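A.B. asks: Here you go, one structure.
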Amino acid sequence: LGANGIVSGGFGLATGAGISLRNQGKNNVAVCFFGDGAANEGNFHEGLNFASSLNLPVIFVCENNQFGEGTTHKYASASETIAERASAYNMPGVYVDGMNVVEVYDAAKEAIERAKNGEGPTLIECDTYRKYGHFEGDEQKVKSKEDRNADRNPTEEFRKYAIENDLLTEDEANEIETAAKKAVEDAVEFGENSELPDLDSLYKDVFA
């Protein structure tokens, strides 16, 4: 569906996609990703209510990184978790450790199966942490070293889990890491060495 610059703008798009999938008879699922800040917008409530009312194949995934720009989740939300709000819309609300890859995977898998079986939408809250500022130069005065998840790295945690559970060897993990770094370096090099686009391309693929 692409991206949009409107906080909470994805709820209506995902719900509409869910209607489209049903009308076309497709066994696909629409997924809406959003942050804890967007969960306090009116579109959140409208989207979840509408999706549940029509029993649509939509999964709402909240990446709760504890900060909506410079406002903490604890300050801005009357509910302790965002997942618990799902009960108001008669859908499952699942709270998971967003720094745990396996836990997120399991929750997503179950939600997808529910949606594809005609059991309607699910709200998943991934408890994570915003490592960097909201913008370049953000002083991040609201953050503390004692914040939950502040010292955790989900990539390193999953690497350790995968090796300990014989999903990967140490060498295989190193190969993946090396390949990922090279892909990023190649992309940066391509961008820096590419010519600037023509002005005529400014309106390409723009629908407005």
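What follows is calculated from the coordinates using simple rules that are stated; it is not laboratory data. Please read these numbers as outputs of a predicted model, since none were measured by experiment. Please note: Cβ atoms are built from the backbone with ideal geometry, for glycine as well, and neighbour counts cover all protein chains shown.
A.B. asks: Given the options THR169, THR72, THR81, state which has the largest fluctuation in a GNM of the chain using a 10 Å cut-off (strictly under) for Cα springs.
C.D. replies: Answer for the Gaussian network model of the chain: THR169.
A.B. asks: Continuing with this model, one more query. Using only the Cα atoms of segment 68-164, build the gyration tensor, take square roots of its eigenvalues as a ≥ b ≥ c, and label the shape rounded, prolate or oblate: rounded if a/c is under 1.5, else prolate if a/b is larger than b/c, else oblate.
C.D. replies: Since a/c reaches 1.5 but b/c is at least a/b, the shape of segment 68-164 is classed as oblate.
A.B. asks: Which whole-angstrom value gives the distance between the alpha carbon centres of segment 144-208 and segment 83-123?
C.D. replies: If you average the Cα positions of each part, the centres end up 26 Å apart.
A.B. asks: Let me ask you something else. Here are a few candidate values for Cα extents along the principal axes in Å: (1) 57, 45, 37; (2) 54, 41, 34; (3) 50, 48, 40. Which one was actually calculated from the structure I just gave you?
C.D. replies: The calculated read-out lines up with (3).
A.B. asks: Please report the antiparallel percentage of DSSP beta bridges with both residues in segment 10-150, rounded to the nearest 5.
C.D. replies: Of those bridges, close to 10 percent are antiparallel.
A.B. asks: Within a 10 angstrom radius of the beta carbon, how do TYR75, TYR129, TYR105 rank from fewest other beta carbons to most?
C.D. replies: On the way: TYR75 9, TYR129 18, TYR105 12.
Fewest to most other Cβ atoms nearby, the residues stand as TYR75, TYR105, TYR129.
A.B. asks: Would you calculate, for the chain, the mean residue ellipticity at 222 nm contributed by helices, counting each DSSP H stretch of 4 or more residues as -39,500 (n - 2.57) and dividing by all residues, to the nearest 500?
C.D. replies: -12500 deg cm²/dmol
A.B. asks: If you count, for each residue, the other Cβ atoms within 10 Å and average over each peptide, how do 156-167, 190-201 line up from highest to lowest?
C.D. replies: The most tightly packed comes first, giving 156-167, 190-201.
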